[in-house]
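The values are calculated or read from the model by the stated rules, or taken from the named source; none is laboratory data. Model, not experiment: these values are computed from the prediction. All Cβ positions, glycine included, derive from the backbone under ideal geometry; neighbour counts span all protein chains shown.
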Amino acid sequence: MKKNFDLKTIIALIGIIVPIIIFAIMKKTKELSFKNVAINELVSGENITDESITVYFDNERIFNLYSVSSILSNSGNVPILKEDFVNGLTLSFHDSVKILKYSIIKNPKNITLVNTSINKSDFMLLPDLLNPNENIELSFYISSSLKSLLPYCNSRIIGGDVINLNINDEIKPKTNFKNNFFANFEGLIFWIALIYSFMYLLLFIISVYFAEKDTGVHSPLGKLILLLALSLGSVCCIFYLIQTWF
């Protein structure tokens, strides 16, 4: 009676089973990153020396005017829901800052922002969903008598972290996939591709150094399993390269 499984088949099965187990126990990272992208001085009261010159913004007199651009990003590898925020999502400016106007420059398709409002120097918003790699870009017009102008994210999320980055820092996502849907499965795809390479190396060593021994796959079932394992691994490798390099 022929064996349905031999060494090569077992190695092929390991290439499928092990990454699935690792993916199941992998730590999920829930993380929201906030970063100020740019700040520009539009009107400076110090440069206006003629008392006959007055500046108004939406019919309100101002002495200083700045524009601030900021970005909120899901830099983790799991979705963030509106229920994950403790007391909502708040961007806080210095007490001397007055928010004159804000706009959402760019946000993911089909996203709904709930309870967007201003309370003195705090800006509050609540996105219904932020998938990994999704961003919300914001723009503010503000006025302040002091130089402490940049906001920070004054919020907490359940089971995760909120990271306030400096203006020159880079947002480092936990996933590099360009497609947000497939980003949810990056861990699984990565480990299948990685272990596939190791598995293929073992098969190569066996064929070179143990060719005289009976280590071939003889049964149709064994050949089919080996073919599927190698095919799955190669597809994952190609897909991973396309998602991360191009």
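The rows are residues; the columns are (1) farther than 18 Å from residue 67 by Cα; (2) assigned by TED's automatic domain parsing to the domain that holds residue 95; (3) crowded, with 17+ Cβ neighbours inside 10 Å.
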{"residue": "123", "(1), (2), (3)": "no, yes, yes"}
{"residue": "128", "(1), (2), (3)": "yes, yes, no"}
{"residue": "136", "(1), (2), (3)": "no, yes, yes"}
{"residue": "140", "(1), (2), (3)": "no, yes, yes"}
{"residue": "147", "(1), (2), (3)": "no, yes, no"}
{"residue": "158", "(1), (2), (3)": "yes, yes, no"}
{"residue": "170", "(1), (2), (3)": "yes, no, no"}
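On the given criteria, is residue 99 assigned to a helix (DSSP H, G or I), among the β-branched types (Val, Ile, Thr) and either free of Cβ contacts under 8 Å to residues at least 12 places away in the same chain or over 15 Å from residue 33 (Cα atoms) (or both)?
Working: assigned to a helix (DSSP H, G or I): no; among the β-branched types (Val, Ile, Thr): yes; either free of Cβ contacts under 8 Å to residues at least 12 places away in the same chain or over 15 Å from residue 33 (Cα atoms) (or both): yes.
No.
Scan 48, 71 and give me the residue that is surrounded by 12 or more Cβ atoms within 10 Å (Cβ to Cβ) and modelled with pLDDT of 85 or more.
Values: 48 fails: modelled with pLDDT of 85 or more.
None of the others qualify; the one that does is 71.
Is it fair to say residue 160 is farther than 18 Å from residue 37 by Cβ, at pLDDT 90 or above and not aromatic (Phe, Trp, Tyr)? Walk me through how you get there before you give the answer.
Working: farther than 18 Å from residue 37 by Cβ: yes; at pLDDT 90 or above: yes; not aromatic (Phe, Trp, Tyr): yes.
Yes: the conditions hold for residue 160.
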